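S.K.: Can you read through this structure? Questions will come right after.
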Amino acid sequence: MLQNKWKTAKKGLIALLAVMTIISAAGCGKKADSDTGAAAGSGAAATNKDAAEVLVTYKDGGKVTRGEFDTFLNTNLLFYKEYAQYKEDPAFQQDMMKQLVTFKVLSARADDKAKTAADEKTKTQMDQIKAFMGMQEGGMDKQLKDASITEKDLETFVSRSMQAIEAMESKVTDDQVKAEYDKNIAADKNVYDVATVRHILVGTTDAATGKETRSKEDALKRAKEVQDKLKNGGDFDALAKEYSDDPGSKDNGGKYENVEISQWVPEFKKAAAELPLNQISDPVETSYGYHVMKVEARKTKTFDEVKEDLRSQLAETQIYDFVDKELPTMIETNTLPKPEEKAPAASPAPSSSPAPEAPKSETPSK
């Protein structure tokens with residue numbers, strides 16, 4: 001509940017960096033829905049003639065066939081089953097085609113060093129994917145069959161993705177990475193702070209409905225009661241279970257461990273950055289209620305600790321620039337159906353985590 005909305009990702013890149021989040025998206029431990037998986041592969045069967053149909057041509061003799069496009073689409077749907085509802089939508093198909101051509105062009109630009117790095121990452125990703133799919137109902141064979149793809153198709157998708165990403169990361173210089181780090185620090189001195197925080201939230205609104213559950217006055221009174229009990233030696237774990245309205249932490253003693261505080265809403269972030277360690281705070285007000293907090297640990301990540309993440313972020317920006325600026329000049333022919341000009345694009349606004357909005361939890365996160 002205390003999370004801000006995720007920043008909306010730029011449209012047109014639903015799966016450009018998909019392999020970077022395949023495992024984290026799958027890591028919820030839930031069984032895959034095999035029925036939905038079947039939907040991803042529905043209608044994928046095509047004659048050899050249909051599969052050979054050229055849908056798009058681009059500079060330097062590049063082309064995409066119907067069979068290649070269908071395989072790419074079904075591989076994406078294997079991981080993002082919620083996109084199956086958009087499969088026949090022209091706007092969605094155009095977005096997916098942009099992604100496929102981007103993968104092909106950028107992976108072709110990878111040098112030997114980038115390809116070697118991509119090969120290592122591809123093997124790691126494939127091992128993780130196989131392990132995860134092996135735990136699903138019917139195992140990996142059923143997941144691939146339902147999606148109408150082969151293991152080789154999947155490996156090609158991962159390899160091409162990794163080569164594209166490595167090709168762009170190799171163009172980011174150390175000076176650019178350091179400049180980005182310094183710029184971020186100048187804009188927000190706490191941007192790389194990490195903290196372990198316990199808190200008890202006395203909420204004023206219902207997480208599901210947004211309706212008021214108690215007045216500010218009542219919430220503040222209850223928060224001060226919690227504060228007094230903690231200062232008098234009360235057990236944080238027990239009091240969190242009794243008082244906290246944060247379902248994401250109340251059963252864990254109100255604890256969030258080693259979290260980047262920049263993810264949190266401003267008031268909570270400020271308290272996490274400034275409170276003395278291991279002291280019970282006065283109630284901290286946010287739009288969700290009042291928090292009684294204790295910061296147990298805090299540190300600032302060094303440049304060396306964040307430089308590879310920054311390199312990836314800068315490479316991602318370059319990829320978006322390619323899609324926005326260079327890719328349109330490369331396409332020569334495109335026979336896919338065009339969206340109606342006045343119709344809103346049905347393609348969802350994607351992110352590395354395929355949810356357009358942060359989950360409704362009471363974590364004070366982004």
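S.K.: Whole-Å semi-axes of the range 83-161's equivalent ellipsoid, largest first, each the root of 5 times a Cα gyration tensor eigenvalue?
M.R.: 23, 22, 8
S.K.: How would you classify the range 285-324 from its alpha-carbon gyration tensor, with a ≥ b ≥ c the square roots of the eigenvalues: rounded for a/c under 1.5, else prolate if a/b is greater than b/c, otherwise oblate?
M.R.: Note, shape of the range 285-324 comes out oblate.
S.K.: Whole-Hz ³J(HN,Hα) for each residue in the range 312-323, computed from phi via Karplus 6.51 cos²θ - 1.76 cosθ + 1.60 with θ = phi - 60°, x for glycine and proline: what do you get?
M.R.: In residue order, the calculated couplings are 5, 5, 5, 5, 4, 4, 5, 5, 4, 4, 4, 5 Hz.
S.K.: Rank the residues 294, 183, 224 as a footprinting-exposure proxy: fewest other Cβ atoms within 10 Å of their Cβ go first.
M.R.: Starting with the residue having the fewest Cβ neighbours, the order is 183, 224, 294.
S.K.: Out of all Cα-Cα pairs in the range 127-188, roughly what percent, to the nearest whole number, are more than 14 Å apart?
M.R.: That fraction is 71 percent.
S.K.: Arrange 185, 200 by Cβ neighbour counts within 10 Å, fewest through most, would you?
M.R.: 185, 200
S.K.: Provide the FRET efficiency to the nearest 0.05 for the residue 170-residue 60 pair, computing r from the beta carbons and using R0 = 25 Å.
M.R.: E between residue 170 and residue 60, to the nearest 0.05, is 0.80.
S.K.: Rounded to the nearest 20 Debye, what is the dipole magnitude of the range 193-300 about its Cα centre when Lys and Arg each give +1 and Asp and Glu each give -1 at the C-beta?
M.R.: Its charge dipole is roughly 140 debye.
S.K.: OK, next. Towards the positive end of the charge dipole of the range 87-224, with charges on Cβ (+1 Lys, Arg; -1 Asp, Glu), say which of 202, 147, 101 has the farthest Cα.
M.R.: 202
S.K.: Within the P(r) computed for the range 133-289, what percentage of the Cα pairs occupies the region above 22 Å?
M.R.: 61
S.K.: Non-local amide H neighbours of residue 296 (under 5 Å, H modeled in plane, Pro and chain starts lacking H): which ones?
M.R.: Amide H to amide H, under 5 Å and 5 or more residues apart or across chains, residue 296 pairs with 196, 197, 198, 278.
S.K.: Can I ask one more? Sort 146, 119, 182 so that the residue with the fewest other Cβ atoms within 10 Å of its own Cβ comes first and the one with the most comes last.
M.R.: The fewest-first ordering by Cβ neighbours comes to 182, 119, 146.
Quick note: the coordinates plus some simple rules give every number you see, no bench work behind them. This structure is a prediction, so every number in the text was calculated from the model and none was measured. Glycine gets a Cβ as well: all are built from the backbone with ideal geometry, and neighbour counts include every protein chain shown.
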